[in-house]
Protein chains: 2
Amino acid sequence: VKLANKYLMPLITRGTGTGKAGGAIPDKNGVVVSLERMNRILNIDPINRTITVEPGVILSDLQEAIGKEGLWYPVDPASADWCTIGGNVACNAGGPRALKYGVTGDYVLGLKGVYGDGTFFQLGGKLLKDVAGYDLKRLLIGSEGTLGIITSITLKLLPPPPPEQVIWCGFDCISDGIDFLIAVLSQNIQPTAAEFMPGVCLKAVESYQKTVFPFSHHAAHLLLVLDARYQLDYSILPSCHRVQFDNPEALWAIRRDISESLTHVSISKCSEDITVPVSQLPALMRGLQRLTDQSDYVCLGYGHLGDGNVHVNVLNTDQPIEKWQIDQPYLVERIIKLGISLGGTLSGEHGIGLTKKPYMPLYFSERDITIMKGIKAQFDPNHILNPSKVFD
Amino acid sequence: VKLANKYLMPLITRGTGTGKAGGAIPDKNGVVVSLERMNRILNIDPINRTITVEPGVILSDLQEAIGKEGLWYPVDPASADWCTIGGNVACNAGGPRALKYGVTGDYVLGLKGVYGDGTFFQLGGKLLKDVAGYDLKRLLIGSEGTLGIITSITLKLLPPPPPEQVIWCGFDCISDGIDFLIAVLSQNIQPTAAEFMPGVCLKAVESYQKTVFPFSHHAAHLLLVLDARYQLDYSILPSCHRVQFDNPEALWAIRRDISESLTHVSISKCSEDITVPVSQLPALMRGLQRLTDQSDYVCLGYGHLGDGNVHVNVLNTDQPIEKWQIDQPYLVERIIKLGISLGGTLSGEHGIGLTKKPYMPLYFSERDITIMKGIKAQFDPNHILNPSKVFD
């Protein structure tokens, strides 16, 4: 890093490159710093309930290692089998269980690495509480490789979760499903996960998995995970069809395969991850339907709707790729503006990277962005680290 | 704030002044900006499970208001009846339930206010996930009034907690109690609170409350709160004396009265709140005993030991105040160095303010502090806001 500063050579830190916003793509000159082989588990500490790892550890390898010790890490994005912890920290990754258990940043107790000028840092440690000074650790989390290169991460772990129930419900229309979800969230319970899927998602997964689900005829689906102690009141929506099943893992496999399946039923697609207050989900879903009706594409909202985080996929099923390339940025801007008009944000878990950079001024004031650039200059005075990402 | 910038007049933002580190004290020229009367509850939103308040709302008023709606806010410092939410956010306040439920910052979804230069900001909202740009909201939390003045706070709320059990245990010596606590934390359970009190704390409360507790003869005490579903295994320490009681609220009153009671049994005292990894609690408590033996004062560790956050009170029971004033800074420095040598931090929940400012270089590198000062300059270019706090 010191050499890079001397020669003003950009460094683009990269894990396994699973990011959805292009944050790890070397779009200009520079050197990619791959941390894939910094993949050692340095320490598992059952008394302090922590694990310390290098950034290249694959999330599912970490989950397996702590499972053997009777410990648990709740952050579980769909890419768990191939994403790295370093990437999770760089993007503050979420996933379905964020609804109850929070996101990556809520579990990071300590970070070591180097700032943009090459000086070493060590922030936090095996400490559950730390309010000394400004929260530089939290600032590095989600900074997408623009402030420092992280070389060691200490995470807080939990004991295994209480017994859970998995529930799958089908609905006759999308708005029935959204109404049911909001009614569930208004009850005196805290769901662990609440994943919403319009019927077209299941049709795509059926085709991708070469199978047929007996419940795929419903227009919308909700996968709910609740502590076993909760008793759900189904009378809140008579048109909720409870689906019986044997294997909850197969249901999760449906949910996890949606993103990949949708690429097989479209010529091209893009994935946004706006987040809105849950009370605005009905308006958001109506707005997406309106965009579908008014455009030549399908604007599909699915995913972690329980925490308001909607994966809006824009699918191109029949338009020439040249037309898509022209239309796509306008559609994305309309989707993001729709989310922001409902009190939402650009990104719930994917980050800004390259693809959402143009939309930053829609959410932040000029002063906010000036402050962010000023912060970047403190950590990385020569703009060495991932210089073309998050903002220009 | 714009006027203050024009005349380079410092502004010291203040709630009810309950801070333990002097962060709200106007130690130099300047104007105190009291937010005590900005105490309106602006909005309670049961669907999004949020409350939006002005910063001067007293925490217990907030707790009462949301209780009526069947909602719950877990952060509950001992000063709940007189501290303000704004102060909680400014210091990232903790409290006993932080062990399971986290601290203030984990519940702040949105902030509005003005930066140090007088420009308005609005960060976040009723959003459970938001990873757009750098986390300026999180940077403001715990910044002790040095970066902005917060005028509106949106907090995440929870449904009421599951049924809980309250357990009080007595021990024949401090190290037995600490060993038991660590054994509890090593079981497959997540305690809600684990408050540790050497016997001298109870003696002080007895004198302050003018009462006698039948269990106060024990050398150490542990107040545990657990979900009712957990079954504690007492065989982990035979010399644990389970105390029977009728009224758990009276036990909490003991815990809450300790700080005040100790002022009545000493000529002078000071309160630190270092945090260490829980595995280092035995070494920390031994170190405090050593300091007591080697000095003319009592170095007493009590409080939220379950999350490693130890309220170290230094009590002066018989020395002239002039001697205390000379000795006290040296003792505090030894206590903080002891904590840091065990992998700990200066402050778990009180903040740095004025009193811990000299010790910042013991925990942070020169480069860390330079970055923090650079960040301060982005938010508050003329050093108007609380300019003599956190660092010089």
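Okay, here's what the table says:
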item: Antiparallel content of DSSP bridges confined to region B:1-132, in %, to 5; result: 70 percent
item: Nitroxide proxy distance, nm - points 7 Å out along Cα→Cβ at A:ASP318 and B:ASP27; result: 7.2 nm
item: Size of charge dipole - the protein assembly as shown - debye, nearest 20, with Cβ of Lys, Arg +1 and Asp, Glu -1, no other charges; result: 1560 debye
item: Neighbour net charge for A:HIS241 - beta-carbon separation under 13 angstrom, K R +1, D E -1; result: -1
item: Relative contact order %, chain A, counting alpha carbon pairs below 8 Å whose residues are six or more apart; result: 19 percent
item: C-alpha center-to-center spacing [region A:26-105, region B:143-188] in angstrom; result: 26 Å
item: For the pair B and A, total buried accessible area rounded to nearest 100 Å², probe 1.4 Å; result: 6100 Å²
item: Förster-model FRET efficiency, 56 Å R0, B:GLU164 and A:GLU260, C-beta, rounded to 0.05; result: 0.85
item: Helix A:281-294 axis, angle to chain A major axis (alpha carbon atoms, nearest 10°); result: 80 degrees
item: The protein assembly as shown - Kirkwood radius from inverse mean 1/r over Cα pairs (Å); result: 27.4 Å
item: Positive-end extreme of charge dipole, the protein assembly as shown - chosen from B:GLN328, B:HIS304, A:THR211 (charges on Cβ); result: B:GLN328
item: Cα-based Kirkwood hydrodynamic radius, chain B, one decimal, Å; result: 22.0 Å
item: Relative contact order (%) - criterion: Cα under 8 Å, at least six apart; region: region B:293-392; result: 18 percent
item: For region B:180-321, diffusion coefficient by Stokes-Einstein and Kirkwood Rh (Cα), 20 °C, 1.002 mPa s, µm²/s; result: 133 µm²/s
item: log₁₀ of I(q)/I(0) at q = 0.12, 0.13, 0.14, 0.18 Å⁻¹ - region A:65-124, Debye sum with one point per alpha carbon; result: -0.36, -0.42, -0.48, -0.74
item: Contact order normalised by residue count of region B:203-347, Cα under 8 Å, 6+ apart, percent; result: 25 percent
item: The protein assembly as shown, helix-only ellipticity at 222 nm - DSSP H runs n ≥ 4, -39,500 (n - 2.57), divided by all residues, nearest 500; result: -9500 deg cm²/dmol
item: Two-decimal Rg/Rh across region B:1-112, once Rg and the Kirkwood Rh are taken from alpha-carbon atoms; result: 1.01
item: Separation of the B:LYS6 and A:GLU36 label points, Cα + 7 Å toward Cβ, nm; result: 6.0 nm
item: Modelled FRET efficiency - R0 30 Å, B:THR211 with B:ASP81, Cβ distances, 0.05 increments; result: 0.90
item: Fraction of antiparallel bridges per DSSP, the protein assembly as shown only, in percent to nearest 5; result: 90 percent
item: Region A:263-330, dipole about Cα centre (Lys/Arg Cβ +1, Asp/Glu Cβ -1), debye to the nearest 20; result: 120 debye
item: Cβ-based net charge around A:GLY308, under 9 Å, with every Lys or Arg adding one and every Asp or Glu removing one; result: +1
item: Extreme residue, positive dipole direction of region B:38-119, given options B:GLY118, B:GLY70, B:THR84 (C-beta unit charges); result: B:GLY70
item: Value in Å of the Kirkwood radius, where region B:229-277 supplies the Cα pairs that are averaged; result: 14.6 Å
item: Expected-Rg normalisation [2.2 N^0.38 Å, Cα atoms] applied to region A:119-204; result: 1.72
item: Environment charge at A:LEU99 (Cβ cut-off 14 Å; Lys +1, Arg +1, Asp -1, Glu -1); result: -1
item: Average partner coverage of A:159-167, which counts Cβ from other chains inside 10 Å; result: 2
item: Cut-off under 5 Å, modelled amide H: who pairs with A:LEU11 long-range; result: A:VAL31, A:LEU385, A:ASN386
item: Charge dipole magnitude, Cβ of K and R +1, D and E -1 - region B:85-164, Cα centre, debye nearest 20; result: 220 debye
item: Beta bridge orientation in region A:1-74: antiparallel %, DSSP, nearest 5; result: 50 percent
item: Förster radius 35 Å - calculated FRET efficiency between A:VAL114 and B:LYS337, Cβ distance, rounded to 0.05; result: 0.85
item: Of every Cα-Cα pair in region A:53-154, the percent that sits beyond 16 Å; result: 57 percent
item: Per residue, in Å², the accessible surface of region B:188-234 once ligands and nucleic acids are set aside, probe 1.4 Å; result: 38 Å²
item: Ordering of B:286-296, A:48-58 by burial proxy (mean other Cβ atoms within 10 Å per residue, highest first); result: A:48-58, B:286-296
item: Of A:GLN244, A:THR263, A:GLY94, farthest towards positive along the dipole that unit charges on Lys, Arg, Asp, Glu beta carbons give chain A; result: A:GLY94
item: Accessible surface of the protein assembly as shown, 1.4 Å probe, proportion on carbon and sulfur as whole %; result: 52 percent
item: Cα gyration tensor of region B:254-361 - equivalent ellipsoid semi-axes, whole Å, descending; result: 20, 16, 14
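The values are calculated or read from the model by the stated rules, or taken from the named source; none is laboratory data. Remember, it's a predicted structure, so these values are computed and weren't measured experimentally. In this analysis, Cβ positions are derived from the backbone assuming ideal geometry, glycine residues included, and neighbour counts consider all displayed protein chains. Protein only, heavy atoms only, side chains kept; ligands, DNA and RNA dropped before computing areas. Shrake-Rupley method; radii C 1.70, N 1.55, O 1.52, S 1.80 Å.
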